[in-house]
Amino acid sequence: MKQYVFLLMFLISVNLSAQEAKSYYNVGNTSTQVKYVGAGYLPGTIVLKDGTELKGQVRGSSYSGNNVRSFKFRTKKGEKAQVFKADACKLVLYDGLIIISLPKKLKKMEGKRSFYVALYYGKYLTVFQDPDANVVERSPGSISFNDGQMLSYLMLKDKELHKISKLRFRKRMLEACNDSKKFVERAKDKKWFTYDNVYKVAHFYNQTRGQ
């Protein structure tokens, strides 16, 4: 299992101070199904590198596979849209998703940046959609209760980025979050401590870190 170690400055490279970021934190109420950034205009926000917030209508503009490469922004219908790439942004809010600009090569602080969908965004721990994750697909004529589920995700905690698979979910999460006694105790409930519940699990850790 790959694990990339970052300097503390990596968290700063997300370009959000703790106070700024707090307004964008979400709660564990999503799912492990893959999320897509759509090409239709919806109410949203683009936060630029200097902290300027552009509130209006946002849509995905160009893509590499299912991964968005740029966004278009306009304040109203009929207005000429502006195009923003990851290098110009801190984050984008679109259709309930938080898309954060991070270095394209996660081991390096400099260079081009890419957009990462943060399905859960918290003060100490953030869960990103893994661009390389395998996704459950239903075979013709079969029944699948987790169609579209991602089988791995990226978890950023402090200075480390972990790639966590469904197969080793419990082991890897406990290793990463054992600095919370309340979390370790809660994790004994195997009905709660499941891969399908990963975002609520992450949210509980953020609420109990150091306790």
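The values are calculated or read from the model by the stated rules, or taken from the named source; none is laboratory data. Predicted model, so just to flag it, every value in this text is computed and none were measured. For neighbour counting, all protein chains shown are included, and Cβ atoms are generated from backbone atoms with ideal geometry for every residue, glycine included.
Numerical summary
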item	result
Close pairs from the range 165-187: first outside any helix (DSSP H, G or I) and modelled with pLDDT of 95 or more, partner loosely packed, with under 15 Cβ neighbours inside 10 Å and of a type in the set (A, V, I, L, M), Cβ under 7 Å, at least 6 apart	ALA187/LEU174
Residues of the range 162-205 satisfying the condition of being among the aliphatic types (A, V, I, L, M) and under 21 Å from the mean Cα position of the chain (by Cα)	ILE164, LEU167, MET173, LEU174, ALA176, VAL198, VAL201, ALA202
The range 191-206, subset out of contact with any Phe, Trp or Tyr (no Cβ under 9 Å at 6 or more places or on another chain) and either touching a residue at least 12 places away in the same chain (Cβ under 8 Å) or assigned to a helix (DSSP H, G or I) (or both), residue farthest from TYR124 (Cα to Cα)	ASP196
Pick from the range 122-137, criterion in contact with a helix residue (DSSP H, G or I) (Cβ under 7 Å, 6 or more places away or on another chain) and not small (Gly, Ala, Ser), ranking: surrounded by the fewest Cβ atoms within 10 Å (Cβ to Cβ)	LYS123
Count of the range 80-95 residues which are in contact (Cβ under 8 Å) with a residue 60 or more places away in the chain and either within 15 Å of LEU42 (Cα to Cα) or assigned to a helix (DSSP H, G or I) (or both)	1
Qualifying positions in the range 38-67 - polar (S, T, N, Q) and under 17 Å from the mean Cα position of the chain (by Cα)	THR45, ASN66, ASN67
Filter result for the condition that a residue is of a type outside the set (Val, Ile, Thr), surrounded by 15 or more Cβ atoms within 10 Å (Cβ to Cβ) and either on the phi < 0 side of the Ramachandran plot or modelled with pLDDT under 80 (or both), over LEU7, LEU93	LEU93
Matching residues, the range 55-68, being of a type outside the set (S, T, N, Q) and closer than 12 Å to VAL83 by Cα	VAL58, ARG59, GLY60
Residue in the range 203-210 that is modelled with pLDDT of 85 or more, closer than 21 Å to LEU93 by Cβ and surrounded by 18 or more Cβ atoms within 10 Å (Cβ to Cβ) present	yes
Members of the range 109-135 that are outside any strand (DSSP E or B) and either within 23 Å of ALA176 (Cα to Cα) or in contact (Cβ under 8 Å) with a residue 24 or more places away in the chain (or both)	MET109, LYS112, TYR121, GLY122, LYS123, TYR124, ASP130, PRO131, ASP132, ALA133, ASN134
Any pair with Cβ under 9 angstrom, 6 or more apart, that starts in the range 47-59 at a residue that is under 15 Å from THR75 (Cα atoms) and acidic (Asp, Glu) and ends at one that is at pLDDT 90 or above and assigned to a loop (DSSP other than H, G, I, E, B)	none
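Every residue, every condition in (1) touching a Gly at 6+ places or on another chain (Cβ under 6 Å); (2) of a type outside the set (Val, Ile, Thr); (3) under 23 Å from LEU151 (Cβ atoms), yes or no:
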position	(1), (2), (3)
LEU174	no, yes, yes
CYS177	no, yes, yes
SER180	no, yes, no
PHE183	no, yes, no
LYS188	no, yes, no
THR194	no, no, yes
PHE204	no, yes, yes
GLN207	no, yes, no
GLY210	no, yes, no
